[in-house]
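The values are calculated or read from the model by the stated rules, or taken from the named source; none is laboratory data. These numbers were taken from a predicted model, which means no experiment stands behind them. Using ideal geometry, Cβ is built from the backbone for each residue, glycine included, and neighbour counts are taken over all protein chains shown. In case anyone asks, the SASA skips ligands and DNA or RNA and just uses the protein heavy atoms, side chains included. Shrake-Rupley method; radii C 1.70, N 1.55, O 1.52, S 1.80 Å.
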Amino acid sequence: NGTKYYIEDSAAPIKDDKNITTGVALVFRDVTEKKEQRKKIEYLSVHDSLTGLYNRMFFEEELKRLDTKRNLPISIIMADMNGLKLANDIFGHEAGDLLLQKAAEAFRKVCRSDDIIARVGGDEFSILLPKTKTEDAERILIRIKEQFSKEKVNAIKGSISMGCDTK
């Protein structure tokens, strides 16, 4: 039916009483579940489980890796979501989580596929923009703010404080 499975195999010789190989015993094991679990663990090691964005550890590694002449100018956007504590206190953590997810979606809609978007703290985000001048980073920043301002969770309207700089 087209379903793909991951398998592990092993082979062992079958020998007669004169130590001559007369056959081989083959064993195949379905390790699809094990492989999928490994993929999930690898994904979670570099991604934030709530937003699906990269996590702080991955961001810091990418910052080091991308800090080369060929990526210059490289810009960084730092963002701090407004109203998360208020949303959590008044409407509960489910509302706060939804607000974080909507912020992540705003970042994804605006940023390019090569940009590194990470949730680096509770309500803090950072974006690495390789080969991006300050003016372009500022335009991206404005578009993110505009995109997120269209969002609303209960009575809390999406608002984010942002700044950027360029090397």
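Inside segment 52-78, can you point out the residues that are touching a Lys or Arg at 6+ places or on another chain (Cβ under 9 Å), farther than 10 Å from L129 by Cα, outside any helix (DSSP H, G or I) and open to solvent by 20 Å² or more (accessible area, probe 1.4 Å)?
The answer is G52, Y54, N55, D67.
Kindly indicate whether S161 is outside any helix (DSSP H, G or I), open to solvent by 50 Å² or more (accessible area, probe 1.4 Å) and at pLDDT below 95.
Taking the combined requirement at face value, the residue does not satisfy it.
State which residue pairs qualify: first residue in a loop (DSSP other than H, G, I, E, B) and inside segment 133-158, second residue loosely packed, with under 14 Cβ neighbours inside 10 Å in any location, beta carbons under 6 Å apart, and separation of 6 or more residues or different chains.
Short answer, once both residue conditions are applied: G158/S149.
If you scan segment 129-146, which residues turn out to be open to solvent by 40 Å² or more (accessible area, probe 1.4 Å) and within 30 Å of A87 (Cα to Cα)?
E138, R139, I142, R143, K145, E146
Can you say whether E151 is closer than 28 Å to I41 by Cα and either within 18 Å of the chain's Cα centre (by Cα) or modelled with pLDDT under 95 (or both), as far as the supplied structure shows?
no
Of the numbered conditions (1) at negative phi; (2) open to solvent by 90 Å² or more (accessible area, probe 1.4 Å); (3) free of Cβ contacts under 8 Å to residues at least 60 places away in the same chain, A104 fails exactly one; give the number of that condition.
(2)
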